[in-house]
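Everything on this sheet refers to the single structure shown next.
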Amino acid sequence: MEARRRFPAGLVQPEGSYRFSADALLLAEFAAEQGGGAEASFADIGSGCGAVALALLLKGEGRLGVGLELLRPSAAAAEENAALLGLEGRFRMERGDAGDTACLRAMRRALADMLGNPECLPLFDAVVCNPPWRLAGAGRIPPSDARRTALFGDGETFGIFFRAADAVLRQGGALYAVAGAERTADLLAALPQRMRPELLRLVFTKKDSPAEFVLLKAVKNGRKMLRVEASQAD
């Protein structure tokens with residue numbers, strides 16, 4: 001209970017890796033707000049130390065989450081954080097690449113185990129992802145390989161993450177993603193055809209300055225028109 005009270009302070013984060021930031025917490029809040037009922041399953045693609053997934057689990061007692069993370073130390077930290085928060089029964093961690101279909105199947109198998117039906121391969125109600133949205137040359141390159149992998153992607157990164165989301169989402173399931181606001185056009189262009197954008201929220205952190213982050217909700221085979229809104233971060 002003490003760990004839950006202090007959350008997100010106190011989360012284990014591997015030395016030399018990317019330290020989760022405001023964008024992760026914004027994404028968790030956005031997904032919880034837009035996701036409807038608390039009894040839902042979700043995949044967290046590119047989990048890092050698990051900050052987004054664990055925040056969602058704390059916001060909904062009926063939720064089940066499965067994370068996927070490429071970096072072994074970060075995946076181990078996510079499992080440790082789930083245990084510290086008493087959430088290990090509702091969270092599983094898989095290690096691997098978002099572009100690997102075997103890893104995506106492993107996520108579905110993990111969900112099946114938590115649902116108590118290992119014979120099926122269920123699809124998820126939602127996917128959250130905070131992909132490496134910074135582009136090389138757009139900021140100072142960190143010396144650590146782990147930090148570079150977690151922070152910096154290329155022109156294909158969004159597409160890889162969003163195709164993975166499409167592959168594991170049920171019909172009508174929602175993708176929630178966050179990126180720097182300057183990547184908004186790239187974010188939309190990378191969506192697979194049947195992932196329909198329904199909401200873009202531009203997040204402003206300073207008055208009289210451009211938006212800093214963009215939050216996206218897209219629905220598999222959705223039919224709603226795109227809504228664009230602005231939000232002032234606390």
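The values are calculated or read from the model by the stated rules, or taken from the named source; none is laboratory data. Everything numeric here is computed off the predicted structure, so don't read it as measured data. We place every Cβ from the backbone using ideal geometry, glycine too, and count neighbours over all the protein chains shown. Ligands, DNA and RNA are stripped out before the accessible areas are found, and what is left, the full protein with its side chains, is counted by its heavy atoms. Shrake-Rupley method; radii C 1.70, N 1.55, O 1.52, S 1.80 Å.
Comparison of 109, 4, 105, 92 shows that the only residue that is basic (Lys, Arg), open to solvent by 40 Å² or more (accessible area, probe 1.4 Å) and not in a helix (DSSP H, G or I) is 92.
The set of residues from the range 167-203 being under 19 Å from residue 28 (Cβ atoms) and hydroxyl-bearing (Ser, Thr, Tyr) comprises just one member, 176. Quick one: would you say residue 12 is in a strand (DSSP E or B) and either open to solvent by 40 Å² or more (accessible area, probe 1.4 Å) or touching a helix residue (DSSP H, G or I) at 6+ places or on another chain (Cβ under 9 Å) (or both)? The answer is no for residue 12. Exactly one residue out of 191, 187 is surrounded by 15 or more Cβ atoms within 10 Å (Cβ to Cβ), within 16 Å of the chain's Cα centre (by Cα) and part of a loop (DSSP other than H, G, I, E, B): that is 191. Test residue 24 against the stated conditions and say whether it is over 17 Å from residue 95 (Cβ atoms), at pLDDT below 95, open to solvent by less than 10 Å² (accessible area, probe 1.4 Å) and out of contact with any Asp or Glu (no Cβ under 6 Å at 6 or more places or on another chain). In short, yes. When 151, 199, 175 are screened for being closer than 23 Å to residue 50 by Cβ, among the aliphatic types (A, V, I, L, M) and either modelled with pLDDT of 95 or more or in contact with a helix residue (DSSP H, G or I) (Cβ under 8 Å, 6 or more places away or on another chain) (or both), only 175 passes. Mind listing just one residue for me: the one in the range 202-225 that is under 21 Å from the mean Cα position of the chain (by Cα) and of a type in the set (A, V, I, L, M) and, of those, surrounded by the fewest Cβ atoms within 10 Å (Cβ to Cβ)? Per the criteria, the residue is 202. Figure legend. Inter-residue proximity from the range 205-234: first residues part of a strand (DSSP E or B), second residues surrounded by 15 or more Cβ atoms within 10 Å (Cβ to Cβ) and among the acidic types (Asp, Glu), beta-carbon distance below 6 Å, spacing 6+ or different chains. Indicated pairs: 213/23; 217/198; 219/198.
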